[in-house]
Amino acid sequence: MNYVFTLPRPFFVLAPMDDVTDTVFRQTVAQLAAPDLFFTEFVNVDGLMSPGRGKLLKKLRFAPEEKNLVAQLWGLKPENFKAIAEQIADGSLARELGLSGGCNFVGVDLNMGCPAKSEVQNGACSALIKKENRELAGQIIEATREGLADRLPLSVKTRLGFSEVDLSWFEFLLRKNLDMLTVHGRTRKEMSKVPAQWDLIGEVSKMRAQLAPQTLLVGNGDVESRAQGEQLAAQYGLDGIMVGRGVFANPLVFAAASPEKWEQYSKEERINLYRQQVTLFADTWQAGERNIKTLNKFCKVYINGFDGAVKMREQLMDAQTTAELLQLL
Ligand SMILES: Cc1cc2nc3c(=O)[nH]c(=O)nc-3n(C[C@H](O)[C@H](O)[C@H](O)COP(=O)(O)O)c2cc1C
């Protein structure tokens, strides 16, 4: 049976975060305190089906040890969703990424929540929530399902609404026989500026019980510890909890003993962790596929919470190469 259906309850998921949750960071989190499920960064199917494919593949790259990874897709053309879903389900995309021995993604997720202007103005991602785009949202779901042909589970990650909360969106999605649905408890308009509305995720949970008890439901927004996630899952009847930015404040967020455990990490242990991540980054992206500046987000995560951290960060963030960075560390 597919891994996704064998997950414990509640299961914990590291949220997809563009330019953050690449294979390097996922492996780092897995070593520290692994969630049950990972997502890739979102990757554009229309781009993957264009001459620009080579450049985008880095977003899907993963290591053979990563056994529980869902590929997240976005785009506009249903036929491209179908084609990429086919390539994922039959394992050909994983082979193109250099993976062998049947190593593959465990599912495909559709991004219907990203609020960025560049995506939304073309009608993609969170714009699919709008009533006028619902037909296209349905076509994208059906095309992806056709491509997967029951070989891998299909899920959607979305928000509570576009300009305002719109529960009709969930009535629509829950009638699509999805394997999993992740609800980020904010509207597109709210971006990340207001606290996540868990009571409304609870409303979606009630709808799920009525319309689609077979669809796994995952709640997302502002979760900072495993204990808090467990409490929210119990309170709102959810199967899973997704954590995004909480991992920046505490890389051990998925561990049972967090958050106290991270606070006890010494300066040396923190520097060592960053060194390990930079080393893996240098080994993985040898052709410079990733800008070194994407590491600066992690610098703030590890080089933090001890005397002299601010000054050390300033130096580290100025480094122009990974060799320089490692030397400084
Ligand atoms: C830097 C960053 C990048 C993100 N990229 C994606 C993405 O590629 N796909 C996606 O579905 N959500 C993306 N998100 C949204 C997160 O997955 C998550 O829904 C959001 O951060 C709320 O969860 P949190 O409060 O636990 O962070 C991103 C968020 C951040 C902060």
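The values are calculated or read from the model by the stated rules, or taken from the named source; none is laboratory data. Values in this document were obtained by computation on a predicted structure and should not be read as measured data. Ideal geometry is used to build each Cβ from the backbone, glycine not excepted, and the neighbour counts take in all protein chains shown. For accessibility, only protein heavy atoms count, side chains too; no ligands or nucleic acids. Shrake-Rupley method; radii C 1.70, N 1.55, O 1.52, S 1.80 Å.
Between 276, 286, 197, the GNM of the chain built on Cα springs shorter than 10 angstrom shows 286 fluctuating the most. Take residue 192: with every protein chain present and a 1.4 Å probe, its accessible area is about 60 Å².
Histogrammed with a bin width of 10 Å, the alpha carbon distances of the chain distribute as 6, 26, 34, 25, 9, 1 percent, first bin at zero. In a simple Cβ point-charge model (Lys, Arg +1; Asp, Glu -1; nothing else charged), segment 181-220 has a dipole of about 140 debye relative to its Cα centre. Over the chain, what is the percentage of antiparallel beta bridges among all DSSP beta bridges, to the nearest 5? So the antiparallel bridges in the chain amount to around 5 percent.
Of the accessible area of the chain, computed with a 1.4 Å probe over protein heavy atoms only, carbon and sulfur atoms account for 49 percent. Each of 49, 191 has its accessible area taken with a 1.4 Å probe; listed largest first, they run 49, 191.
Here is the result for segment 246-329: no chymotrypsin sites (Phe, Trp or Tyr not before Pro) lie in DSSP coil with at most 11 other C-beta atoms within 10 angstrom of their C-beta.
Seen from residue 287, the other residues with C-beta closer than 12 Å to its C-beta sum to a net charge of +2, counting Lys and Arg as +1 and Asp and Glu as -1. Short-range pairs are left out: with C-alpha atoms under 8 Å and at least six residues apart, the relative contact order of segment 63-174 is 32 percent. In the context of the full set of protein chains, residues of segment 1-92 present 37 Å² of accessible surface per residue (probe radius 1.4 Å, heavy atoms only). Computed from backbone phi, the HN-Hα couplings of segment 228-245 come to 5, x, 5, 5, 5, 4, 5, 4, 10, x, 9, 7, x, 10, 10, 10, x, 5 Hz, rounded to whole numbers (Karplus: 6.51 cos²θ - 1.76 cosθ + 1.60, θ = phi - 60°; Gly and Pro given as x).
Net charge of the neighbourhood of residue 317, taken over other residues with C-beta under 12 Å away and scored Lys/Arg +1, Asp/Glu -1, is +2. Cβ under 11 Å from residue 109's Cβ, residue 109 left aside: what net charge do those residues give with Lys, Arg +1 and Asp, Glu -1? Net local charge, residue 109 excluded: 0. Along segment 94-111 the Karplus relation, 6.51 cos²θ - 1.76 cosθ + 1.60 evaluated at θ = phi - 60°, assigns HN-Hα couplings of 4, 5, 4, 7, x, 8, 10, x, x, 5, 8, 5, 9, x, 10, 10, 9, 7 Hz to successive residues, with x for each Gly and Pro.
Highest GNM mean-square fluctuation among 178, 167, 232, for the chain modelled with Cα contacts below 10 Å: 167. Once all protein chains are placed together, residue 67 keeps about 150 Å² accessible to a 1.4 angstrom probe. Using the 1.4 Å probe convention, the accessible area of segment 248-329 works out to 55 Å² per residue with neighbouring protein chains retained.
Working note: Karplus 6.51/-1.76/1.60 with θ = phi - 60° gives segment 33-47 the couplings 6, 7, x, 7, 9, 10, 10, 6, 5, 6, 10, 7, 5, 5, x Hz, where Gly and Pro are set to x. What do you get for the angle between helix 78-89 and the principal long axis of the chain? Use alpha-carbon atoms, 0 to 90 degrees, nearest ten. Rounded to the nearest ten degrees, it is 60. Using the empirical formula 2.2 N^0.38 Å as the baseline, the Cα radius of gyration of segment 229-316 reaches a ratio of 1.31. Shape summary: segment 38-186 maps onto an equivalent ellipsoid whose semi-axes, from the alpha-carbon gyration tensor, are 25, 16, 14 Å in decreasing order. Dipole size of the chain about its Cα centre, with +1 on Lys/Arg Cβ and -1 on Asp/Glu Cβ: approximately 340 debye, rounded to the nearest 20. Compare the Cα positions of 172, 106, 122 along the charge dipole of segment 104-207 (+1 at Cβ of Lys, Arg; -1 at Cβ of Asp, Glu; about the Cα centre) and return the one farthest towards the positive end. Final value for the positive-end residue is 122. Considering every alpha-carbon pair of segment 102-194, the percent of pairs per 5 Å bin, from zero through the bin containing the longest distance, is 3, 14, 26, 25, 16, 10, 5, 2, 0.
Assuming charge only on the beta carbon of Lys and Arg (+1) and of Asp and Glu (-1), the dipole of segment 176-276 about its Cα centre is about 380 debye to the nearest 20. Rounded to the nearest 500, the helix-only mean residue ellipticity at 222 nm of the chain stands at -11500 deg cm²/dmol, with each DSSP H run of n ≥ 4 adding -39,500 (n - 2.57). Amide H to amide H, with H built 1.01 Å from N, residue 72 comes under 5 Å of 40, 43, 109, counting only residues 5 or more places away or on other chains.
For residue 67, give me every one of the lysines with a C-alpha distance below 19 angstrom, ignoring sequence neighbours fewer than eight places off in its own chain. Hits, sequence-local ones excluded: 58, 59.
Shown here for segment 170-277: GluC sites (Glu not before Pro) in loop regions (DSSP other than H, G, I, E, B) with at most 16 other Cβ atoms within 10 Å, namely 224.
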